[in-house]
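The values are calculated or read from the model by the stated rules, or taken from the named source; none is laboratory data. Since the structure is predicted, the reported quantities are computational estimates derived from the model, not experimental observations. As a convention, Cβ positions derive from the backbone with ideal geometry for all residues, glycine included, and neighbour counts pool all protein chains shown.
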Amino acid sequence: MRWLLALLCLCQLTAVSIDGPASARATVGTAFACAVLTTGTVSSFNATGLPAGLSLDAASGRISGTPTADGAFSVLVGASDGASSTSATISIVVDTAGTDRVTNIGQYAFTVNSAGSFLLTSATATPAFVLGGVPAGMFDDSAGLISGTPLIEGVFNIEASADGGLTATSMIFQVLPAQIGSPVFTLPVQPLAAIGAPFACWIHADGASDFSANDLPAWLTLDTSLGRLAGTPTTGSSHANIRVTAVSGASAATTMLAIPVFTPVSGAAVPTSPVVLDTTIGSGLGWSALAGIDATWATQGLPAGLLLDSSTGLLTGATESAAYDDVLLTATTIATGDTVVTTMAIRTYPAATGAPVILGLPPPTLTVGAPAAIAIATSGGTPTSYGILDPSGIFTVGSDGILRGTPTSAGAIALRVNALNASGSAVTTIMAVVRTATAAAPLPGLPVSWSATSGSAFACALTATGTTSNWTASGLPNDLLLAPAVGRITGTPIPLGPANVLISSSNGSGSNASHAVITVATAATGAPVIAEAGPWFMTVGQTTAFQLIDSSGSATWTIPVLPTGLAVTTDGAITGTPTATGTWQPEITAVRSSLSAVTTGLMVVNAATAGAPLITSELVMTGTVGSAFAATITASGSPNEYTATPRPAWLSLDALTGQLSGTPDAAGSFVLQLSARNAAGTVRTVAVLNISAAPSSGGGTTPPASGGQVGGISGGGCGAGAAGLLLALGLGCRLRRRTTPR
């Protein structure tokens with residue numbers, strides 16, 4: 001008997017019952033969805049007295065459709081489990097159409113204890129949303145946004161109005177139970193989008209390995225492995241409500257993610273910068289907020305360690321923890337105060353001990369058609385290789401960590417770069433801003449990257465197509481200077497590594513910018529020191545002869561490229577007669593005892609002018625410390641002026657006769673730029689003056705008192721550099737000695 005009573009009790013506990021709703025509102029011409037709420041396992045539903053336009057799904061108990069006539073309706077609904085049944089009355093009041101209506105009524109699913117959001121849409125631009133019945137843990141606002149974390153599973157009928165409650169309809173939120181081991185959604189920031197502004201956000205789901213989404217608008221794409229949504233809303237795009245699923249193993253979770261899309265007012269500043277940024281803890285970014293017109297900037301949700309300059313939009317600093325961050329970026333138009341908001345997606349990777357750390361830099365400004373170079377500058381561990389992901393396909397990265405390419409179209413490019421070694425890697429994002437070339441303004445050209453060594457002389461020339469009247473260069477290594485009228489950069493740099501240099505060439509029509517790199521290596525102790533790097537000016541058809549100088553010893557030299565007609569020996573003697581005009585910027589390497597120094601030299605060969613002088617004297621001069629020196633520059637064509645620069649302080653020049661004279665006060669080698677000018681024009685070439693130390697006293701000899709013409713030998717001997725140059729010229733090293741009478 002006891003078992004019979006237990007069975008009867010069980011049947012009573014599991015019997016089907018209808019729990020609601022007692023009433024519902026609907027509106028003519030507006031979609032309607034309402035669930036019959038029950039207890040127990042229902043196998044079928046039925047209903048009588050439904051308003052015209054509505055129907056019942058017998059399997060699910062959902063009433064849906066679009067009412068066609070107003071009125072008050074008593075609807076008798078029934079539910080059965082096959083063995084028993086029950087019924088109840090639902091009062092449905094159908095209003096006549098109002099001034100506005102909700103346009104995205106339907107049935108939407110969430111997961112208990114997982115965050116989500118949903119945005120109501122309306123038929124007009126100025127809705128007055130009123131809602132009731134949202135699940136516990138979720139909240140709504142006057143804009144029609146429902147967001148939060150539902151705390152109770154079940155089916156919820158939500159009453160929604162777009163005209164302040166004058167009319168209303170019903171929609172269904174279903175909160176599903178969480179599967180064991182399923183991902184858990186969070187919503188740190190509600191993403192926002194705007195027409196014409198790049199957009200990106202993360203689907204935040206802890207533990208997820210794969211993502212999928214339904215109802216994606218055409219402008220939006222999903223990275224299914226990362227859970228990143230990205231795209232740019234196009235004209236006419238409306239608010240999006242995306243059905244999202246995240247998977248972990250065999251378990252899955254579902255939620256809704258609203259993406260409100262707003263239309264900027266005419267003339268408002270619309271953000272245009274790329275908004276997908278990858279970085280590593282401690283590594284800087286190269287990013288700035290941009291818009292077509294002047295704006296101020298603000299963010300919400302920016303990771304700790306980063307700072308956005310509100311006036312310039314420049315992002316500085318480095319993130320401090322590994323995370324996936326959504327950041328709201330707001331542009332406020334300075335002239336009108338109008339605001340436009342979009343969302344950025346920033347991913348921060350953990351940093352490995354001993355791995356490189358990439359340094360941040362201001363976004364390089366480039367120009368369509370102008371070659372550019374951008375250095376991945378690092379600290380921490382020394383990189384052994386580099387990588388790049390460039391969506392434009394323009395840039396490649398070399399083993400030196402320099403990005404090189406020539407932009408082909410205007411816009412902002414997000415370059416994802418990394419630096420690696422055996423300990424790990426660092427990644428960051430560098431944004432290159434490409435402008436359309438200014439017509440008739442000069443366009444910077446090659447080369448745009450050069451090598452240097454600290455303590456060694458350096459010289460290079462910026463080049464451009466078109467007539468250039470002025471150059472600028474910001475970011476030069478210390479102790480390098482730009483000659484703005486001619487674009488030459490010279491000096492002796494201090495240790496730095498790669499320097500990113502923003503360059504610009506201009507004339508009366510405007511300017512064009514590009515980006516260059518000067519890499520300054522730290523000199524090794526005991527390595528050669530390159531004393532001269534130019535610029536060396538020569539003339540087609542004019543013989544030249546000069547010596548590369550290691551001021552700390554005697555080096556072996558290599559130069560891969562020289563002006564046509566010139567040659568270099570391993571002793572550093574450069575000789576020959578240039579046959580073609582042009583500018584050469586060769587890499588000069590000096591090696592001694594396995595230690596090396598590398599720099600860039602500058603050689604300029606000008607065209608010969610008919611009737612201009614031609615220097616005929618030899619171009620090697622030698623002298624001795626303490627002994628009077630004299631030599632004369634001779635040339636054809638009756639020159640009326642000579643120059644020789646730069647000269648040591650003790651050496652004077654008679655500009656009319658070409659006479660050089662003085663008494664050397666220190667040993668050394670001096671490269672001299674010579675010129676001879678007459679009414680027809682000027683010829684230029686390069687010579688060398690080698691001063692040797694005075695011989696030790698004794699032996700009944702004294703140094704000679706004078707030299708002779710340029711190229712004559714004076715003094716008690718010639719140094720190794722001079723000997724190499726003379727041998728290169730086929731002259732040998734002749735010693736003249738004068739004895740003192742006893």
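Annotations for the structure displayed:
- Only one of the numbered conditions (1) assigned to a strand (DSSP E or B); (2) polar (S, T, N, Q); (3) outside the structural domain of Gln179 (by TED's automatic domain parsing) is violated by Thr255, and that is (3).
- Across the range 492-522, the qualifying residues are those that are within 25 Å of Thr465 (Cα to Cα) and over 26 Å from the mean Cα position of the chain (by Cα), and the one among them that is surrounded by the fewest Cβ atoms within 10 Å (Cβ to Cβ) is Gly508.
- Count of the range 614-629 residues which are out of contact with any Cys (no Cβ under 6 Å at 6 or more places or on another chain), in a strand (DSSP E or B) and surrounded by 18 or more Cβ atoms within 10 Å (Cβ to Cβ): 6
- Failed item in (1) of a type outside the set (S, T, N, Q); (2) under 20 Å from Ser514 (Cα atoms); (3) without any contact (Cβ under 8 Å) to a residue 24 or more places away in the chain, with Leu307 passing the rest: (2)
- Taking each residue of the range 559-577 that is on the phi > 0 side of the Ramachandran plot and looking for partners that are assigned to a strand (DSSP E or B) with beta-carbon atoms closer than 6 Å, six or more apart or interchain, yields Gly565/Gly576; Gly572/Gln547; Gly572/Trp557; Gly576/Leu566; Gly576/Ala567.
- Hits in the range 61-76 - residues which are assigned to a loop (DSSP other than H, G, I, E, B) and polar (S, T, N, Q): Thr66, Thr68
- Test: residue in the range 95-103 that is surrounded by 15 or more Cβ atoms within 10 Å (Cβ to Cβ), under 56 Å from the mean Cα position of the chain (by Cα) and within 15 Å of Asn157 (Cβ to Cβ): yes
- Checked against (1) more than 13 Å from His515 (Cα to Cα); (2) in contact with a Ser or Thr (Cβ under 9 Å, 6 or more places away or on another chain); (3) crowded, with 18+ Cβ neighbours inside 10 Å, Ala370 passes all but a single condition, namely (1).
- Taking (1) touching a residue at least 24 places away in the same chain (Cβ under 8 Å); (2) hydrophobic (A, V, I, L, M, F, W, C); (3) surrounded by fewer than 20 Cβ atoms within 10 Å (Cβ to Cβ) in turn, Leu229 satisfies each apart from (3).
- Meets criteria (farther than 20 Å from Leu187 by Cα, of a type in the set (Val, Ile, Thr) and part of a strand (DSSP E or B)) for Val327: no
- Taken over the range 379-406, the residue count meeting the criterion of being buried (at least 20 other Cβ atoms within 10 Å of the Cβ), touching a residue at least 60 places away in the same chain (Cβ under 8 Å) and either in contact with a His (Cβ under 9 Å, 6 or more places away or on another chain) or at negative phi (or both) is 1.
- Exclusive hit being touching a strand residue (DSSP E or B) at 6+ places or on another chain (Cβ under 6 Å), hydroxyl-bearing (Ser, Thr, Tyr), at pLDDT below 55 and surrounded by 16 or more Cβ atoms within 10 Å (Cβ to Cβ), set Ser714, Ser692, Ser706, Ser669: Ser714
For (1) under 21 Å from Trp202 (Cα atoms); (2) out of contact with any Phe, Trp or Tyr (no Cβ under 8 Å at 6 or more places or on another chain); (3) surrounded by 20 or more Cβ atoms within 10 Å (Cβ to Cβ); (4) of a type in the set (D, E, K, R), each residue gets a yes or a no:
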{"residue": "Ala289", "(1), (2), (3), (4)": "yes, no, yes, no"}
{"residue": "Asp294", "(1), (2), (3), (4)": "no, yes, no, yes"}
{"residue": "Trp297", "(1), (2), (3), (4)": "no, yes, yes, no"}
{"residue": "Gly301", "(1), (2), (3), (4)": "yes, yes, no, no"}
{"residue": "Ala304", "(1), (2), (3), (4)": "yes, yes, no, no"}
{"residue": "Leu315", "(1), (2), (3), (4)": "yes, no, yes, no"}
{"residue": "Thr319", "(1), (2), (3), (4)": "yes, yes, yes, no"}
{"residue": "Leu329", "(1), (2), (3), (4)": "yes, no, yes, no"}
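- In the range 126-173, the residues that are part of a loop (DSSP other than H, G, I, E, B), within 15 Å of Ala258 (Cβ to Cβ) and more than 46 Å from the chain's Cα centre (by Cα): none
- Residue within the range 437-450 that is surrounded by fewer than 19 Cβ atoms within 10 Å (Cβ to Cβ), outside any loop (DSSP other than H, G, I, E, B) and assigned by TED's automatic domain parsing to the domain that holds Asn478 present: no
- All positions within the range 174-219 that are closer than 17 Å to Asn113 by Cα, at pLDDT 95 or above, out of contact with any Phe, Trp or Tyr (no Cβ under 6 Å at 6 or more places or on another chain) and not in a loop (DSSP other than H, G, I, E, B): Gln174, Leu176, Val184, Phe185
- In the range 645-659, the count of residues that are modelled with pLDDT of 95 or more, surrounded by fewer than 18 Cβ atoms within 10 Å (Cβ to Cβ) and on the phi > 0 side of the Ramachandran plot is zero.
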